[in-house]
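Colleague: Sending over a structure as structure tokens; questions will come in a sec.
The values are calculated or read from the model by the stated rules, or taken from the named source; none is laboratory data. Just so it is clear, the structure is predicted and the values come from calculations on it, not from any experiment. Please note: Cβ atoms are built from the backbone with ideal geometry, for glycine as well, and neighbour counts cover all protein chains shown.
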Amino acid sequence: MATAFVKLVRQNYDHGRLDDPTGRASSRPSAQEFFSPIGRERDADEVLAPPDPPSLASRQVLRAPAMRLSFSTDDLPPGDRVQMWCERMSQRGYGYEPSGVPDPREFRARVDGLVAGPFVLMNLRANHTAARRTAAHVAGDAAGAFAICRFNTATSWKAAPRSTPVDIQFAPGDWVITSCEWEFDAIGMTTADWDVLVIPQSELSPLLTGGRLTRPFKLAADSPLGALLSASLDAAKAQVPLVSPVLGAAVLHNLCELVALACSAADKRPSTGRDAMRAEQLEIAKRHVEQHLVDPDLTAANTAAALGISLRQLYILFQPTGTGFARYVLRQRLLKCRDTIAGATGTGRSVADIAFGWGFSSMATFYRTYASEFGSTPAALRAAPGRR
């Protein structure tokens, strides 16, 4: 299994199949939080010369070295610990409010992990017995990100807003796959001990049916996919700092594919042979869309013709996703435009150039659908502090 996983990573690395994973620049660390390129100690501001890309592919790949993440409340004034902890977690895309500590001045917490491009892998340990993620945390965190979390202590977890209401009991080692757009309550912990991977929307959304999660998913520690996810994440934490930045990005990208597979398996009933064939055809159709997204003439008719199926069959393929073919294409183009505007590849380019470059033929349509999808404007994205 390990050999097959490495081969898959190598294939993605060799063929440049990496979406833009460039993350936001980290601010200069405080005395309590220290980042350093892994391999040897160095000043926080030192920058390593990145390796040359493996090909002339136009997609930007991860070039910055993985950075250690370490933060503790121990050295902070007791009255500032909770607030500073909340601020640090929000900066890493997973803000929440700790509770269940009788005296807030006795609150203690620590996070250790690494930042690799837009991915954040971290272990959180704290002496609180409950946690709440509110609408304010959702608004303050990275828009649209996803998170997978392994609970190392027994936990009761609830999430309702903008998702199917759930009430899940987690045993030690169980996983939850969720979206950072949701609020939650976590209770019943003796202490908090979580392993968390924050995944940017641009990495996971294209791999999910409809581009988003419909609800939080639980993966039991003793299930095949749960065990595989645990082994893969633990291996990524240990090995990503030791390989080149580009290969590290490929490892994390393939970890996203495993997460998407787990979501798909948890959300489906056992498939018949016909269902499996349709699912395979749907993936082929999505790959065709991805390869021709920049073409303004991409239509359902020419996609069906390219796949050798009828137009009606193409529409049937997309029915289980809850979105039609045209809507799927539009959302993929909007996601690409947003990532380009926010990323380094969009610097110096006009919004119109980016929109037309991703297949839009009308700026009026682009601005209207962009505002409808994201609730904001491209100009607001560019003006936002901490843009990638």
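Colleague: Which one is surrounded by the most Cβ atoms within 10 Å (Cβ to Cβ) among residues in segment 304-343 that are in contact (Cβ under 8 Å) with a residue 12 or more places away in the chain and assigned to a loop (DSSP other than H, G, I, E, B)?
Modeller: Selected residue: 343.
Colleague: Among the residues of segment 195-218 satisfying the criterion of being buried (at least 19 other Cβ atoms within 10 Å of the Cβ) and small (Gly, Ala, Ser), which is farthest from the chain's Cα centre (by Cα)?
Modeller: The qualifying residue farthest from the chain's Cα centre (by Cα) is 211.
Colleague: A further question follows. Scanning segment 157-173 for residues that are farther than 16 Å from residue 131 by Cβ and modelled with pLDDT of 75 or more, which turns out surrounded by the most Cβ atoms within 10 Å (Cβ to Cβ)?
Modeller: 173
Colleague: Looking at 221, 236 in this structure, which one is assigned by TED's automatic domain parsing to the domain that holds residue 155 and surrounded by fewer than 19 Cβ atoms within 10 Å (Cβ to Cβ)?
Modeller: Of 221, 236, the one residue that is assigned by TED's automatic domain parsing to the domain that holds residue 155 and surrounded by fewer than 19 Cβ atoms within 10 Å (Cβ to Cβ) is 221.
Colleague: Which one is surrounded by the fewest Cβ atoms within 10 Å (Cβ to Cβ) among residues in segment 95-152 that are acidic (Asp, Glu) and over 16 Å from the mean Cα position of the chain (by Cα)?
Modeller: Within segment 95-152, the match that is surrounded by the fewest Cβ atoms within 10 Å (Cβ to Cβ) is 103.
Colleague: A further question on this structure: Please tell me if residue 259 is outside any helix (DSSP H, G or I) and modelled with pLDDT of 85 or more.
Modeller: Answer is no for this residue.
Colleague: I want to confirm something. Restricting to segment 219-249 and keeping residues that are over 19 Å from the mean Cα position of the chain (by Cα) and of a type in the set (Ser, Thr, Tyr), which single residue is farthest from residue 196 (Cα to Cα)?
Modeller: For segment 219-249, the residue satisfying everything is 244.
Colleague: Only residues in segment 105-130 that are under 16 Å from residue 239 (Cα atoms) and modelled with pLDDT under 90 count as the first member; pair them with residues that are among the basic types (Lys, Arg) and assigned to a strand (DSSP E or B), Cβ under 6 angstrom, at least 6 apart or cross-chain, and list the lot.
Modeller: Between residues of segment 105-130 that are under 16 Å from residue 239 (Cα atoms) and modelled with pLDDT under 90 and residues that are among the basic types (Lys, Arg) and assigned to a strand (DSSP E or B), the close pairs are 114/68.
Colleague: Just checking: which of the helices (runs of 4 or more DSSP H) contained wholly in segment 345-388 hold 3 or more residues that are aliphatic (A, V, I, L, M) and either under 23 Å from residue 92 (Cα atoms) or in contact (Cβ under 8 Å) with a residue 60 or more places away in the chain (or both)?
Modeller: Because the criterion is at least 3 residues that are aliphatic (A, V, I, L, M) and either under 23 Å from residue 92 (Cα atoms) or in contact (Cβ under 8 Å) with a residue 60 or more places away in the chain (or both), the helices (runs of 4 or more DSSP H) in segment 345-388 that meet it are 378-383.
Colleague: For segment 193-231, give me each residue that is of a type in the set (Ser, Thr, Tyr) and within 15 Å of residue 263 (Cβ to Cβ).
Modeller: Once the filter is applied, which keeps residues that are of a type in the set (Ser, Thr, Tyr) and within 15 Å of residue 263 (Cβ to Cβ), segment 193-231 yields 205, 209, 214, 223.
Colleague: For segment 164-220, how many residues meet the condition of being at positive phi and either of a type in the set (Val, Ile, Thr) or assigned to a helix (DSSP H, G or I) (or both)?
Modeller: Counting residues in segment 164-220 that are at positive phi and either of a type in the set (Val, Ile, Thr) or assigned to a helix (DSSP H, G or I) (or both) gives 2.
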